[in-house]
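For reference, the structure discussed in these notes is given below.
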Amino acid sequence: MNTFTKFALLVVAVVGLLVWVALAGLKGDMTTFKTISQLNQMGDQAMGKRLRVGGEVEKDSVIREGREVRFTIRDLNQPTLKLKVVYRGIDQIPDTFKDGAQALADGKMGSNGVFEANKIEAKCASKYEAKPAQKKNALEHNRARM
């Protein structure tokens, strides 16, 4: 083999290794969104996988003990389905996280059936959405201006 062939093989090997490392890193960081019903269907396959679960925070379920926050979320499509969640993170819980808020929990399903979150996101729909009367008034106002 000549020098050029050796160099080309070395370059191909290095590029291939870099692509493999990049893809392996991306796969390790992937989080899959699941509803509570989908999570229940996964059974034991959910254990240890990085998942993102969404739902509505159940009324009077939030318990704060130091840095630990425990709460229950309900499936938005099937409100009878519930999931207990525990968050033990260093990040502060968002101000919008309260009873009735839509919440997303990133983490892993524990063997005890409790979802162990390492990140919490919350959205209070009523805070950002206009009330029906406000929407109607805004539409009428915009029509009058045209």
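The values are calculated or read from the model by the stated rules, or taken from the named source; none is laboratory data. Because the structure is a prediction, the values reported are computed rather than measured. When we count neighbours, we look across all protein chains shown, and the Cβ atoms used for this are built from the backbone with ideal geometry, even at glycine.
Determine whether Asp60 is in contact with an Asp or Glu (Cβ under 9 Å, 6 or more places away or on another chain), over 14 Å from Ile120 (Cα atoms) and crowded, with 17+ Cβ neighbours inside 10 Å.
Numbers: in contact with an Asp or Glu (Cβ under 9 Å, 6 or more places away or on another chain): yes; over 14 Å from Ile120 (Cα atoms): yes; crowded, with 17+ Cβ neighbours inside 10 Å: no.
No.
In the stretch 105-119, the residues that are free of Cβ contacts under 8 Å to residues at least 40 places away in the same chain reach residues that are in a loop (DSSP other than H, G, I, E, B) with C-beta atoms within less than 6 angstrom, at least six apart or across chains, in these pairs: Glu116/Gly110; Asn118/Gly89.
Is it the case that some residue within the stretch 57-79 is in contact with a Ser or Thr (Cβ under 9 Å, 6 or more places away or on another chain), over 22 Å from Asn118 (Cα atoms) and of a type outside the set (Ser, Thr, Tyr)? Checking the stretch 57-79: at least one residue is in contact with a Ser or Thr (Cβ under 9 Å, 6 or more places away or on another chain), over 22 Å from Asn118 (Cα atoms) and of a type outside the set (Ser, Thr, Tyr). Scanning the stretch 20-37 turns up no residue that is assigned to a loop (DSSP other than H, G, I, E, B), at pLDDT 85 or above, in contact with a Ser or Thr (Cβ under 8 Å, 6 or more places away or on another chain) and surrounded by 15 or more Cβ atoms within 10 Å (Cβ to Cβ).
Name the one entry in Gln92, Gln41 that is over 16 Å from Asn112 (Cβ atoms), surrounded by 10 or more Cβ atoms within 10 Å (Cβ to Cβ) and of a type outside the set (Lys, Arg). Break it down stepwise before answering.
Values: Gln92 fails: surrounded by 10 or more Cβ atoms within 10 Å (Cβ to Cβ).
After ruling out the rest, the residue left standing is Gln41.
I'd like to verify a number: residues in the stretch 67-86 that are closer than 21 Å to Lys108 by Cβ and not aliphatic (A, V, I, L, M), how many?
If we filter the stretch 67-86 for residues that are closer than 21 Å to Lys108 by Cβ, which is where we start, we get 67-75, 81-86.
Of the ones still in play, those that are also not aliphatic (A, V, I, L, M) are 67-68, 70-72, 74-75, 82, 84.
Adding up the residues that qualify gives 9.
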